[in-house]
Amino acid sequence: MKRRSEPTPITVEGMDTDLVMAAQNGDKGAFTALAAARVDRFIAASHRILRDLALAEDATQQALLTIWRDLPQLRDPARFDAWSYRLLVRACYAEAGRARRAGPNIHLLPAQEPMAVDRLSAVIDRDQLERGFRRLSIDHRTVLVLRYFLDLPIEGVAETLGIPFGTAASRLHNAIKGLRAALDADARPTLQARAR
Amino acid sequence: MNSDRDLPRILQAWLHEDLHKHGDRVLGGVVDLLDTTPQRRSRWSAWRTPTMKYLKTALAIGLTAAAAAVVVIVGLGALRTEPGPGSSPSASASASAPSSAVDGLVNAFLAARVAGYGAAQYLDLGNTTADNIPLLYATTSGARYERAEFKQVPGKEWPYGWTAFKVRLFAGDTVVEQLFFAGPDSSGLNYQWDGFGTEIPPTAENGQPVVMPYTYFDGQVTLYAAHPWVFPSSGTYLTPFGRLIPQRPGVPPTTDGGQRGDWDQLFLIADPALGGAGCGRGPLSADAAALAQGLRLNPDLGATAPVAVTVGGQPALVMDLVIPAGTSISVAANAGGDLCADGLLNGVTGDSMTYASGTATSRATGEKIRLYLFDVPEGLSMRIFAMVIVTPEARFQRAVDEATPVIDSIEFHTP
């Protein structure tokens, strides 16, 4: 398990900057090196946003090709990672739009009665987190992945999504609140089927 | 232990589990495509050239293609007065200097549209083609554009930090208006088929949203809809459905694709089923009348008596259902927890869904259903076709009124 205690600024330096500039000039080898260093992280991030590995791989491939195509237009090579994350998120939204399945509107309800125990102080297993995470909107999943998987500071989340800092902070807060509500709802007793 | 502080920590740990380590195949696919994916260079450098020089280049595109045409490209930001839909085309070429680099891109795009070719190079089309941009070079009647103008759309926080532009193209007395978007890292202008779900139509002609055809079920069903309806293209959803943009000024943009709570919905369902377990069960009713009778006899559904009507020249049955909010309701689902495409009640299932043995159980939202049932013509792969309006009671009449032209436009086609 990999965790960082401090958020990482989304800039590239030194050798990577050289690779970015070479790739901007059409050097496929340089671009391949940049992509190879990031492809697993891109797939992992998009997998967590989309909750589907095949869609995540498609989004990553599309994002990398868009990065290659538009790289000459990147004005500051040091901003390569911030810029590429933005294109990756955009590719994830596009894949989500193509693959979305009609279903109910799932409205997360706040807990309706005080909980007897703090369920989070008990063990939250992977399945619970998976179900809760799936119930979030893609906007909320994306902001959580940027913050807690890519370890971006809120400023970086805002920059990646192209939204104001306050909006990013608010969206992050609501995403956590929504996940908490989903976990709470999941812990309620199962309802019995009636209409058949 | 403070759970509010713990949840981010627990989430962070979970997100970092099982990192993907097998990107070689994706990387290989990307490398294979590099040779056929040219890098884009020229346009942004053009944006950075002095504006008048760039504008001359943009205008040259149009003037070369149509030497007799007089092209007037005016950024509205520089206009003192704005010509109305009935104003005559200007007889002399004039142009204002673009106020920004993006203005130059929009000007060049509009010049190409007036010229009648080359507009696609100014678009960020993603996986689509310029053919999917409505009325790119002509009005619905086929009239070519004579001039164009644009202005920025203020007052909304568009997704991705994009800026929205409303472009206007004039052909005689006809005015086509469209929304396009540009962002700081855009490779071109972007057209969104749903306009991000605001009160502004993505494409309008003489003030009326442009009606577009939508074909589903492998070409067997076609309907025609316009803003404020948002219908995705075929194949986007397992169960096709349109959404009705709320009726009020200042509707905020959204990218959430159906999870916003104030959408009313119109589902299209082939061979609808009420219950059962698992998917792939096939038709469960002999015909529309049998299905309607079954619904009517179920006391939990609050069903009105079916009424025979003619919809778009097709005989149909129409009835309303109301399942009280909070009623426990089960619909069929597959092993992965996705609701089956034929679920008649999918639209009114609600929060806290649980899955077991091919069913998904939740509590009904209490929304009202207007149901249209059709016995489809012989030769189609389905036997019964349903159009299902789902909306809260308070918005029911507006949703039905707005849905009427869409429902009346229904066409069935034999493969």
**Report entry** Gyration tensor (Cα) of the stretch B:307-415, equivalent ellipsoid semi-axes in angstrom
**Finding:** 27, 20, 10
Report summary line: Expressed in nanometres to one decimal, the distance between label points 7 Å along Cα→Cβ at B:SER328 and B:VAL153 is 4.6 nm
Query - B:GLN397 versus B:ASN206: modelled label distance in nm, points set 7 Å from Cα along the beta carbon direction - result: 3.0 nm
Query raised in the report: Fully extended, how many nm does the chain gain between B:ASN298 and B:ALA13 (0.36 nm per residue separation, minus their Cα-Cα distance)?
Result: 97.8 nm
Query raised in the report: What average number of partner chain Cβ atoms lie no more than 10 Å from the Cβ of the residues making up A:16-28?
Result: 1
Report summary line: Quick calc, B:SER141 & A:LYS28: beta-carbon distance into FRET formula, R0 56 Å, rounding 0.05, result 0.70
Report task. Please work out the Cα convex hull volume for the stretch B:346-409 and give it in Å³ per residue. Result -> 100 Å³
Report task. Could you tell me the total accessible area buried at the B-A interface, probe 1.4 Å, in square angstrom to the nearest hundred? Result -> 7800 Å²
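The values are calculated or read from the model by the stated rules, or taken from the named source; none is laboratory data. Just so we're clear, the structure is a prediction, and the values are computed from it rather than from any experiment. Note that we place each Cβ from the backbone using ideal geometry, even for glycine, and neighbour counts take in every protein chain shown. These area figures cover heavy atoms from the full protein model, side chains too; ligands, DNA and RNA do not enter into them. Shrake-Rupley method; radii C 1.70, N 1.55, O 1.52, S 1.80 Å.
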